[in-house]
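Enquirer: One structure is given below, represented as structure tokens, and several questions about it will come after.
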Amino acid sequence: MSDSLNTETKLLVPASQYMLAGVHIGTTVATKEMKRFVKLRSADGLNMLDIEKIDERLKVAAKAIARIEPAKVIVVSTKEYGTKPVEKFAQYTGTIAITKRFPPGIFSNPKVSYYRPASLVFVVDPKIDDKAVKEASIVGIPVIALCDTDNSCSNIDLIIPANNKGRKSLALVFWILAREVCRINGIIAPDANLPEPPSAFEYPLEEVEPVEQE
């Protein structure tokens, strides 16, 4: 059996599935923190992430999330394309989703009505979700983040290298994480899939009404 086939069988999903969803496609910029996750640079200048490293970090993240009481895991996406994946992930795992707007003081101010103590914060994009990252770091809450090649990773405790800009990429990443957390916690069988496919986690594109020609 070839080394490539051995690697393929160890991945959470086939490498081809990661590639079709574009999970490995980065940007033309690679920050100092993210260069170690880049496997190669494409002809058009895009940094391509190492699929094995993506997969490895997803396994670590799933185990970390599964160890914590679900209500104390807060998953944040103020990025539009991340809202549906985060909400579906929370639906399956029992974690708490915060989307669109991050309420200030939610981790640090017990006096606000929406205060929620957290043991782990997971953000879709540390640049867009910087308020959540900063507040979590102030009160000492560990942070997991999906980081694209152009992300700065300050105050991130666990980097998951991934395309955090694409609809299909975010859907597949959160589908995988939801499935793995559910498997670890015995919600589904160790070899079972979720009842919905990754496409169910995709942010829906609005249908544009055709313009009638007079």
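Enquirer: Taking neighbour counts of Cβ atoms within 10 Å as a proxy for exposure, in what order, fewest first, do Phe102, Phe37, Phe89 appear?
Expert: Neighbour counts put them in this order, fewest first: Phe102, Phe37, Phe89.
Enquirer: Which distance in Å, rounded to a whole number, links the C-alpha centroids of segment 8-77 and segment 164-201?
Expert: The distance from the Cα centre of segment 8-77 to that of segment 164-201 comes to 14 Å.
Enquirer: Suppose every K and R has +1 on its Cβ and every D and E has -1 on its Cβ; what is the size of the dipole of the chain about the Cα centre, in Debye to the nearest 20?
Expert: 980
Enquirer: Right, something else. Across segment 113-121, in residue order, what do the Karplus-derived ³J(HN,Hα) couplings come to in whole Hz, using 6.51 cos²θ - 1.76 cosθ + 1.60 with θ = phi - 60° and x for Gly and Pro?
Expert: Running phi through 6.51 cos²θ - 1.76 cosθ + 1.60 with θ = phi - 60° gives 5, 9, 4, 9, x, 10, 9, 7, 10 Hz.
Enquirer: List, in order, the whole-Hz ³J(HN,Hα) value for each residue of segment 185-192 obtained from phi through the Karplus relation with A = 6.51, B = -1.76, C = 1.60 and θ = phi - 60°; use x for Gly and Pro.
Expert: 8, x, 6, 10, 5, x, 10, 8
Enquirer: Something else now. Once amide H atoms are placed 1.01 Å from N in the peptide plane, what residues at a sequence separation of 5 or more from Ala97, or on another chain, have their amide H within under 5 Å of its amide H?
Expert: Val75
Enquirer: Using Cβ counts within 10 Å as a stand-in for footprinting exposure, how do Ser169, Ser77, Ser154 rank, fewest first?
Expert: Ranking Ser169, Ser77, Ser154 by Cβ neighbours within 10 Å, fewest first, gives Ser154, Ser169, Ser77.
Enquirer: Please list 135-148, 45-58, 170-183, 193-206 highest first by mean number of surrounding beta-carbon atoms within 10 Å per residue.
Expert: Ranked by mean Cβ neighbours within 10 Å, highest first: 170-183, 135-148, 45-58, 193-206.
Enquirer: Please figure out what share of the DSSP beta bridges in the chain is antiparallel and state it in percent, rounded to the nearest 5.
Expert: Around 20 percent antiparallel, to the nearest 5.
Enquirer: Given R₀ = 45 Å, what would the calculated FRET efficiency be for Arg36 paired with Ser108, taking r from the Cβ atoms and rounding to 0.05?
Expert: That gives a FRET efficiency of 0.90.
Enquirer: Further question: For the chain, what is the calculated [θ] at 222 nm in deg cm²/dmol (nearest 500), taking -39500 (n - 2.57) for each run of four or more DSSP H residues and dividing by its residue count?
Expert: Mean residue ellipticity at 222 nm (helix-derived): -10500 deg cm²/dmol.
Enquirer: Further question: For Lys127, give me every one of the lysines with a C-alpha distance below 24 angstrom, ignoring sequence neighbours fewer than eight places off in its own chain.
Expert: Correct list for Lys127: Lys32, Lys35, Lys39, Lys53, Lys59, Lys72, Lys79, Lys84, Lys88, Lys100, Lys165, Lys168.
Enquirer: Among bridges DSSP assigns within segment 5-115, what percent are antiparallel (round to 5)?
Expert: 50
Enquirer: Still on this model: Arranged from highest to lowest average of other beta-carbon atoms within 10 Å per residue, in what order do the peptides 186-192, 26-32 appear?
Expert: So the order, starting with the most tightly packed, is 26-32, 186-192.
Here, each number is a calculation from the coordinates, and none is a lab measurement. Just so we're clear, the structure is a prediction, and the values are computed from it rather than from any experiment. Here Cβ is always computed from backbone atoms with ideal geometry, including for glycine, and neighbour counts include all displayed protein chains.
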